[in-house]
Each structure stands twice: as C-alpha cells, then as structure tokens.
Amino acid sequence: MQAKFKKSYRFAARTALYITLYTTLLMSVFLYYFSNLEWYYPLVFSVCIFLFSSIIIQYNVERFIYKRVKKIYDDLTLLESVNLAKGPITTDMQTLTQEIDKFARDKKIEIETLKVREEYRKEFLGNVSHELKTPLFTVQGYILTLLDGAMDDKNIREKYLERASKGIERLGYIIKDLDMITKLEVGDLSLNMEVFNIVELVENVFDMLEIKASRKKTSLIFDKEYPNPIMVNADKERIQQVLANLVVNSIKYGSEKGTTEVSIENLIKNKVIVRITDNGEGIEKIHIPRLFERFYRVDKSGSRKEGGSGLGLSIVKHIIEVHREKIYVESEFGVGSEFSFTLEKAE
C-alpha cells in the first residue's frame, strides 16, 4: 500500500520539477544581468519553488480527482454497492478501477441471476395456471353437461358426478400441497421431533399403499429381514409423507409386475440412509437436476392419469432439508431409479 501511496505523488513531483527548472533558470538570467548573483541564490530559490509547487499541485490535483471520484462512488452507492459504500474513498486510479471492475462483475452476476429467476417465475406461474385449469375445466365441463340435460340419465349422472368429484379432489391436492410447500419455504412449518422405529413406519406405508400397488401388480418389499427396530429421531408424520410420496412415485413410474424395494442402512455413527428402489422406466439424465422443482414432470401426460399435484418431490426435498438432512437420486433410463435420504439415528 505504501508503494501505491508514493506512486500517486510522481505526477506532482515531476510537474514541480519542470516548473522549478524553468523559474530557476529565468531567475538566474534576471539576476545575472540586473543584480549580483551569488551561487546559493538559485539553489535556495529552486528548493522553495519545488516544495511550494509540489504541495500546491498535489493538493489541487487530489481535490480535482477526489471530487470526480466521489461522484463515481455516490453514483455507485445509489445502485446499492454495499462494499463501496462501506469502504473509504480512494483517489488511486488502479484501486478504483479494480473496485469498479468488481462492481461490474457482481452486477452482471446479479442481473443473470435475476433473469434466471424471472424465467423460473414465468414457468412456475404457467405451471400453476395449467395445473389448476385442467381439473377446473374438467369439472366445469361435466357440470355444464349435466345442466344441459344429461342429469336425467341416471348412469351418465353418476359417472359425470364421480369424474367431477375426482377433479375437485385433484384441485384439493394442489391447493393443500401449495399451502404446505409455502409454509416449508418460509419456515412456518414446525417439526414435531420424536424417536420412532423407521422399519415399522415403512411397513405402515406399505399397508397404506397396498391397494394402489396391487393395481399395477407391484410388489412392495424390504431388501432383507429387519428383526430389530431401527430407531430414528425425526418428525414421524412428515417422514411418513416423504416415504409415501417416494413409494407412490415408484409405483406410478414402475414397471407392470415390478418391485419397489426399501432398504435401511447405517451410514455413519449417528446417521441412517433409507433407499427406495424400483425397476421401472428410469429417468433420463437431462431431467434429474430439475426433478425437485415444483410442478416439474418427466412425463408430461402419463403422470396426470394417476392424479396428484405435481408437488410431491418438491415437498419431499423441503421436508428432508427442514430436518437438515440430505436427499439423493440415482437413475438409469430403462433400468430403474433409486431415491434415498438420510435421518438422524436415535441414541
């Protein structure tokens, strides 16, 4: 920093030297012709002129530069440049250039981030609109058909009312899941931490989804026998929701007469990892980075046949992250998929 400080005075010293040489020469000529010239007169005069010129030039140049640099700082501060606002104002051009370059790079990154977020926002709003519009128009169509006279036919009336009911049920799923994911994202959903047996919870989820699995002849199995309980510390209700979502997805995208296998392994001393594996169609690598986005669907049409809100995996990710745990996905297209997440092991 000292080297930079001295370097800033070179301009003033060099300019003062030129002025000193010129005025000393002029004074020497004047004294030579019009007065007695002692040898030390030019020396004293030159030293005085040099010091005075250096001080005046440096002071005026610094004031001149400072005013303009301060204006640059003020303009940047208006753009919320926090680093520049907190730091002292420098008149060193190299330092200023570096700070301006850093500011420009930061702003470029910020603008690019905002563009990405804007695209995500547009896509999200479009997805919300589409997801709500589809069941809403379906329900409206069935009701209008009934009002136009189809209600007089008992068979049609019952069939259309059942379909309208399914549409309303799907709307309920979407609204309920949107409310939950909003609470998860803003941190309003508190966890009810307790110690429970994760093996027993998986068995409960298997029982709950047995009928759904039987429709596709999917086998819900453990990878091995678990004679002893495996105790974990987490929100039991939320983890059940995670397991249910992952097993439902496994059934939905699994092969006919396929298997959904759950395994529970010790990861490290105080962690276990729960794996849900299927031998279904798998997921192409291009989709994996976006799997946990809201409303993102690998299959744009087939998944709607099974219903759901399109928010399941996003909710799963948020629940696991609220527990300060990790969730992973591995998949090979045409072979199958494996979703896994960690949990804290109870002492």
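The values are calculated or read from the model by the stated rules, or taken from the named source; none is laboratory data. From a predicted model like this one, the values you see are computed outputs, not experimental measurements. Backbone-built Cβ (ideal geometry, glycine too); neighbour counts: all protein chains shown. Keep in mind that these areas ignore ligands, DNA and RNA; they rest on the heavy atoms of the full protein, side chains included. Shrake-Rupley method; radii C 1.70, N 1.55, O 1.52, S 1.80 Å.
Residues of the range 336-347 that are open to solvent by 30 Å² or more (accessible area, probe 1.4 Å) and more than 18 Å from PRO229 (Cα to Cα): GLU338 alone. Candidates are the residues of the range 1-60 that are over 30 Å from GLN98 (Cβ atoms), at pLDDT 70 or above and polar (S, T, N, Q); the one that is surrounded by the fewest Cβ atoms within 10 Å (Cβ to Cβ) is SER28.
In summary, ASP207 fulfils each of the numbered conditions (1) in a helix (DSSP H, G or I); (2) surrounded by 17 or more Cβ atoms within 10 Å (Cβ to Cβ); (3) more than 30 Å from the chain's Cα centre (by Cα) with the single exception of condition (2). The condition of being closer than 17 Å to LEU343 by Cβ, open to solvent by 80 Å² or more (accessible area, probe 1.4 Å), modelled with pLDDT of 90 or more and acidic (Asp, Glu) holds for only one of GLU200, GLU194, GLU265, that being GLU200. Restricting attention to the range 95-153, the residues that are within 36 Å of the chain's Cα centre (by Cα), at pLDDT 75 or above and of a type in the set (Phe, Trp, Tyr) add up to 1. The single residue among LYS133, LYS212, LYS183, LYS159 that is of a type in the set (Lys, Arg), without any contact (Cβ under 8 Å) to a residue 40 or more places away in the chain and surrounded by 15 or more Cβ atoms within 10 Å (Cβ to Cβ) turns out to be LYS212. Only a single item in (1) part of a loop (DSSP other than H, G, I, E, B); (2) crowded, with 19+ Cβ neighbours inside 10 Å is not met by ILE276, and it is number (1). Among the residues of the range 317-335, the ones that are touching a residue at least 60 places away in the same chain (Cβ under 8 Å) and over 21 Å from ILE230 (Cα atoms) come to 2 in all.
Against the test of being charged (D, E, K, R) and modelled with pLDDT under 90, the options LYS252, LYS236 yield a single qualifying residue, LYS252. Condition check: open to solvent by 40 Å² or more (accessible area, probe 1.4 Å), at negative phi, β-branched (Val, Ile, Thr) and at pLDDT 85 or above. Does VAL322 satisfy that? Yes: the conditions hold for VAL322. Residues satisfying the criterion are absent from the range 241-255 (criterion: surrounded by fewer than 12 Cβ atoms within 10 Å (Cβ to Cβ) and not in a strand (DSSP E or B)). Tell me, please, whether a residue that is in a strand (DSSP E or B), acidic (Asp, Glu) and within 14 Å of LEU201 (Cβ to Cβ) can be found in the range 257-266. Within the range 257-266, not a single residue is in a strand (DSSP E or B), acidic (Asp, Glu) and within 14 Å of LEU201 (Cβ to Cβ).
Restricting attention to the range 324-347, which residues are over 24 Å from ILE286 (Cα atoms) and in contact with a strand residue (DSSP E or B) (Cβ under 6 Å, 6 or more places away or on another chain)? Correct list: GLU325, THR342, LEU343, GLU344, LYS345, ALA346. Residue pairs whose Cβ atoms lie under 7 Å apart, separated by 6 or more positions or on different chains, with the first residue in the range 268-290 and over 16 Å from VAL232 (Cβ atoms) and the second surrounded by 15 or more Cβ atoms within 10 Å (Cβ to Cβ) and among the aromatic types (Phe, Trp, Tyr), are GLY280/TYR253; GLU281/TYR253; ARG290/TYR296.
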